[in-house]
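Student: Can you keep this structure in mind? I'll have questions shortly.
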Amino acid sequence: MSLSVEIKSKLNIFEMDISLKTTSKRIGILGASGSGKSMLLKYISGIIAPDEGVIKLNDEILFDSSKKINIKPQKRNVAHMFQNYALFPTMSVRENIEIIIEGNKEYREKKASELMKRFCIDNIANKMPRDLSGGQQQRVALARIMAYEPKLILLDEPFSAMDSDLKDKLQMELEDMVADYDGIIIMVSHSRDEIYRFSDELIIIDNGGIVEYGKTKNVFDFPKTIQGAKMVGINNVLSAKIKDDLMLNIPEINLDIKLDKKELAYSRNINYVGIKDIDIKIMKPDEVSENSFDMNIEKVYEGIEDIKVLLSIKKDPDIVETSEATKNIFIARLSKSKEKIDIVEGSSLKISIDKEKVIPLEE
């Protein structure tokens with residue numbers, strides 16, 4: 001299975017410019033609100049046509065502006081599941097599924113019964129959508145999608161309207177239900193956890209373009225851009241500058257790091273670095289470290305399992321003043337079960353930063 005998207009489209013606030021080729025079966029899309037995530041799904045499904053470009057599923061052309069090809073949504077073999085599941089409100093569960101199935105009445109009934117049993121909804125076959133829970137509606141929507149036998153499934157924020165406990169439960173159920181599905185599934189979500197658990201490949205979209213694309217774990221561990229870093233949860237972004245072909249300097253903390261060969265490939269464009277909050281180590285009073293820095297504790301946010309600490313650099317005449325775009329606020333996160341350090345707002349402490357954990361970034 002393969003998907004190729006090469007499109008451009010001028011929108012009100014930005015221009016969609018997407019270039020994507022993938023053979024992955026599980027793809028996640030992250031991006032801020034209004035970045036173009038859902039619009040990309042609409043282009044692929046055929047709900048909206050881009051201004052120009054080509055969209056292919058396997059070797060079949062779904063859209064080609066130069067050849068004036070624009071296959072209708074119902075003919076694309078692409079299933080698009082929206083946030084509200086879009087069940088027909090005046091039809092029962094069985095009827096919602098049967099209407100998708102082609103064939104005579106006997107075949108439709110048999111196929112619908114098989115799908116309802118597979119998705120554990122055979123006991124609610126005669127219920128109406130309004131009488132179903134969120135989880136039941138999702139199962140019905142997925143059963144209906146599978147009745148269509150699509151080559152590509154598009155999931156647009158499938159868990160957005162649910163509370164956290166139900167989200168986790170339904171995502172696990174979704175993964176089980178599509179485990180033997182041999183086509184491609186693309187899921188859009190605002191949740192990093194959902195995307196990380198679900199996808200093999202990750203796309204991060206910003207202002208209508210792809211800013212990060214690769215294996216999900218690689219993008220989360222080593223993003224290459226500021227936009228990508230922020231979307232995967234890296235809150236500490238500092239300005240940086242190349243000193244020579246091998247060294248990168250971080251003026252705010254006067255720290256030099258050595259670039260490796262992969263980073264050298266794009267080192268001329270590196271002007272920031274990212275540091276994960278879990279990689280900023282809060283030191284104990286008697287602890288010594290090579291790369292340690294004096295910090296003021298600005299704010300403490302205590303959660304159920306961890307503590308987030310907002311830190312500012314203690315004023316030092318030797319440290320370059322920061323610009324408005326890169327304020328000297330650091331976020332550190334400590335596990336409550338592991339760390340036993342007193343953290344008091346208004347006091348000070350030392351942190352250490354492992355150079356190996358500093359991530360070079362492009363703007």
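Student: Any residue at all in the range 23-37 that's in contact with a helix residue (DSSP H, G or I) (Cβ under 8 Å, 6 or more places away or on another chain), assigned by TED's automatic domain parsing to the domain that holds GLU175 and surrounded by fewer than 21 Cβ atoms within 10 Å (Cβ to Cβ)? It would help to see each step written out before you state the result.
Tutor: Taking the range 23-37 and keeping what is in contact with a helix residue (DSSP H, G or I) (Cβ under 8 Å, 6 or more places away or on another chain), we get 26, 28-32.
Filter once more, so that each one left must be assigned by TED's automatic domain parsing to the domain that holds GLU175: 26, 28-32.
Applying the additional criterion that residues be surrounded by fewer than 21 Cβ atoms within 10 Å (Cβ to Cβ) yields 26, 32.
Yes, some residue in the range 23-37 is in contact with a helix residue (DSSP H, G or I) (Cβ under 8 Å, 6 or more places away or on another chain), assigned by TED's automatic domain parsing to the domain that holds GLU175 and surrounded by fewer than 21 Cβ atoms within 10 Å (Cβ to Cβ).
So that you can scan it fast, the table gives a plain yes or no per residue for (1) hydrophobic (A, V, I, L, M, F, W, C); (2) within 28 Å of ARG76 (Cβ to Cβ); (3) in the same structural domain as ALA79 (by TED's automatic domain parsing):
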{"residue": "ALA143", "(1), (2), (3)": "yes, yes, yes"}
{"residue": "ILE153", "(1), (2), (3)": "yes, yes, yes"}
{"residue": "LYS167", "(1), (2), (3)": "no, no, yes"}
{"residue": "ILE184", "(1), (2), (3)": "yes, yes, yes"}
{"residue": "VAL188", "(1), (2), (3)": "yes, yes, yes"}
{"residue": "LEU248", "(1), (2), (3)": "yes, no, no"}
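Student: So which residues in the range 96-140 are more than 16 Å from ALA179 (Cα to Cα), of a type in the set (A, V, I, L, M) and surrounded by 15 or more Cβ atoms within 10 Å (Cβ to Cβ), if there are any at all?
Tutor: ILE97, ILE100, ILE101, ALA112, MET116, ILE121, ILE124, ALA125, MET128, LEU132, VAL140
Residue-wise test of (1) free of Cβ contacts under 8 Å to residues at least 24 places away in the same chain; (2) over 20 Å from SER38 (Cα atoms); (3) not β-branched (Val, Ile, Thr).
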residue: ASP131; (1), (2), (3): yes, yes, yes
residue: GLN138; (1), (2), (3): no, no, yes
residue: LEU142; (1), (2), (3): no, no, yes
residue: ILE153; (1), (2), (3): no, no, no
residue: LYS167; (1), (2), (3): no, no, yes
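Student: How many residues does the range 184-200 contain that are touching a Gly at 6+ places or on another chain (Cβ under 7 Å) and not small (Gly, Ala, Ser)?
Tutor: Result for the range 184-200: 4.
Student: Quickly run through the range 107-125 and pick out the residues that are among the small types (Gly, Ala, Ser) and in a helix (DSSP H, G or I).
Tutor: Initial filter on the range 107-125 (among the small types (Gly, Ala, Ser)): 112-113, 125.
Of everything in the range 107-125, those that are among the small types (Gly, Ala, Ser) and in a helix (DSSP H, G or I) turn out to be ALA112, SER113.
Student: Could you say which residue among GLU345, GLU362 is at pLDDT 80 or above and closer than 30 Å to LEU246 by Cα? Let's see the steps before the verdict.
Tutor: Details: GLU345 fails: closer than 30 Å to LEU246 by Cα.
From the options GLU345, GLU362, the qualifying one is GLU362.
Student: What's the total number of residues in the range 66-96 that are part of a loop (DSSP other than H, G, I, E, B) and within 29 Å of the chain's Cα centre (by Cα)? Please lay out each step first, then the result.
Tutor: Here is the first cut: in the range 66-96, the residues part of a loop (DSSP other than H, G, I, E, B) are 66-68, 71-72, 76-77, 82-92.
Now restrict to residues that are within 29 Å of the chain's Cα centre (by Cα): 71-72, 76-77, 82-87.
Number of matching residues: 10.
Student: Still on this model: Which ones in the range 244-258 are at pLDDT 80 or above, over 12 Å from ILE329 (Cα atoms), touching a strand residue (DSSP E or B) at 6+ places or on another chain (Cβ under 7 Å) and part of a loop (DSSP other than H, G, I, E, B)?
Tutor: PRO251
Student: Mind listing whichever residues of the range 182-192 are surrounded by fewer than 22 Cβ atoms within 10 Å (Cβ to Cβ) and either touching a Phe, Trp or Tyr at 6+ places or on another chain (Cβ under 6 Å) or under 17 Å from ALA32 (Cβ atoms) (or both)?
Tutor: If the condition is that a residue be surrounded by fewer than 22 Cβ atoms within 10 Å (Cβ to Cβ) and either touching a Phe, Trp or Tyr at 6+ places or on another chain (Cβ under 6 Å) or under 17 Å from ALA32 (Cβ atoms) (or both), then HIS190, SER191, ARG192 are the ones that fit.
Student: Looking only at the range 222-243, how many residues end up being part of a strand (DSSP E or B) and touching a Lys or Arg at 6+ places or on another chain (Cβ under 9 Å)? First the steps, then the outcome.
Tutor: Kept after step one, since they are part of a strand (DSSP E or B), are these residues of the range 222-243: 225, 236-239, 241-242.
Now drop any that are not touching a Lys or Arg at 6+ places or on another chain (Cβ under 9 Å), which leaves 236-237, 242.
Result for the range 222-243: 3.
Student: Just give me the residues in the range 45-77 being aliphatic (A, V, I, L, M) and under 13 Å from MET16 (Cα atoms), in sequence order. It would help to see each step written out before you state the result.
Tutor: Initial filter on the range 45-77 (aliphatic (A, V, I, L, M)): 47-49, 54-55, 57, 61-62, 69, 71.
Once the filter is applied, which keeps residues that are aliphatic (A, V, I, L, M) and under 13 Å from MET16 (Cα atoms), the range 45-77 yields ILE48, ALA49.
Student: Checking the condition touching a residue at least 60 places away in the same chain (Cβ under 8 Å), farther than 18 Å from ILE331 by Cα and within 21 Å of the chain's Cα centre (by Cα), which residue from GLU201, GLU287, GLU212 passes? Full working, then the answer.
Tutor: On the way: GLU287 fails: within 21 Å of the chain's Cα centre (by Cα); GLU212 fails: touching a residue at least 60 places away in the same chain (Cβ under 8 Å).
Every option except GLU201 fails the conditions.
Student: From the residues in the range 13-34 that are part of a strand (DSSP E or B) and of a type in the set (Gly, Ala, Ser), which one is nearest to PHE198 (Cα to Cα)?
Tutor: Our first condition is that a residue be part of a strand (DSSP E or B); within the range 13-34, this holds for 15-22, 26-31.
Going one step further and asking which of them are of a type in the set (Gly, Ala, Ser), we end up with 19, 28, 31.
Working: SER19: 22, GLY28: 7, GLY31: 16 Å.
Among them, the one singled out is GLY28.
The values are calculated or read from the model by the stated rules, or taken from the named source; none is laboratory data. This is a predicted model, so every value here is computed, not measured. All Cβ positions, even for glycine, are placed from backbone atoms using ideal geometry, and neighbour counts span all protein chains on display.
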